[in-house]
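These notes concern the structure reproduced below.
Every read-out reported here was derived from the displayed coordinates using simple, explicitly stated rules and does not represent laboratory data. Since the model is a prediction, treat every value here as computed from it, not as a measurement. Positions of Cβ are backbone-derived with ideal geometry, glycine not excepted, and every protein chain shown enters the neighbour counts.
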Amino acid sequence: MTRNKIFGISANLFNGDEPFAYAKRAGVYNEYCQSVQLAGGIPIILPPLSGQAAIELQLNLIDVLLLSGGSDISPSAYGEDPSPLLGKTNTERDSYELTLVKMAHAKKIPIFGICRGLQLINVAFGGTLYQDLSLRQGSWTGHKQQIRADEPVHNITIAESSLLCSIIGQKNLESNSFHHQGVKQLAPGFTANAWAEDGLIEGIEMCGTAPILGVQWHPEMLALQMPSMLKIFAYFNHLEVH
Ligand code: MN
């Protein structure tokens, strides 16, 4: 019987509310936690820490690393100057997660990245990003949807031979979309497994002892109503890593 895996979810840093408006809140939308629990796992939230020793102790607590969504990654992480179209960044979260993802992989902890999480994986392993999708020739403007996250807006085609296809069991998917950046140069060792109709990469993976999977959309906002989205979380709960 599969035990309940502990999913460590990397926290986003949100602006505080009055009277603590100057402060930051570390957390995630509760849909991440609900999706993990619905898939049989137990979520814990990992706030950004500094220092490898502290991160090592965090990683000792978890079976799966889930990288959550959030703001843009500083382009200095992939050797570019900021474009005027770059959105908000947070170097504290960037440096924490870049270390976290590399240490998790070295410890053979499976990694699942959502939205910014996919982008973080790509950058951590040597890839680059479009700082804004308007800088990509032929990109469609609808990747930043204006309607609720539980309403899918665009189609995604999934590679038949991919890990993602074996998890979801279908080659097409209706997804939501809340990103203005995307994968430019794919990190070495990774393959793209899903694309939007404008050709933009919507999923990446690296198979192996401890798989790494990234999706550009937000399955946590759809998992309560779409079994195909919940299957991705369930895959990580059932995974046995030796
Ligand atoms: Mn999209």
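Checking Ser50 against (1) part of a loop (DSSP other than H, G, I, E, B); (2) among the polar types (S, T, N, Q); (3) within 17 Å of the chain's Cα centre (by Cα), only one condition comes out false. Which one?
The single condition Ser50 does not satisfy is (3).
Can you pull out every residue in the stretch 196-242 that is more than 19 Å from Leu186 (Cβ to Cβ) and aromatic (Phe, Trp, Tyr)?
Phe233, Tyr235, Phe236
Which condition number does Gln225 fail, the rest of (1) on the phi < 0 side of the Ramachandran plot; (2) touching a helix residue (DSSP H, G or I) at 6+ places or on another chain (Cβ under 8 Å) being met?
(2)
Limited to the stretch 94-131, what total is found for residues that are crowded, with 24+ Cβ neighbours inside 10 Å and among the basic types (Lys, Arg)?
Within the stretch 94-131, residues that are crowded, with 24+ Cβ neighbours inside 10 Å and among the basic types (Lys, Arg) number 1.
For the stretch 80-122, name all the residues that are farther than 17 Å from Leu213 by Cβ, among the β-branched types (Val, Ile, Thr) and assigned to a helix (DSSP H, G or I).
Matches in the stretch 80-122: Thr91, Thr99.
Would you check which residues across the stretch 1-22 are touching a strand residue (DSSP E or B) at 6+ places or on another chain (Cβ under 9 Å), over 21 Å from Lys102 (Cα atoms) and either surrounded by 10 or more Cβ atoms within 10 Å (Cβ to Cβ) or of a type in the set (S, T, N, Q) (or both) and list them?
Within the stretch 1-22, Asn4, Phe14, Asn15, Gly16 meet the criteria.
So Ala77 passes all but one of these: (1) touching a Leu at 6+ places or on another chain (Cβ under 9 Å); (2) within 17 Å of Ile9 (Cβ to Cβ); (3) not in a loop (DSSP other than H, G, I, E, B). Which condition number does it fail?
(2)
Looking at this structure, is Ser134 under 22 Å from Asp72 (Cα atoms), within 16 Å of the ligand (Cβ to nearest atom), of a type in the set (Ser, Thr, Tyr) and not in a helix (DSSP H, G or I)?
No, not satisfied.
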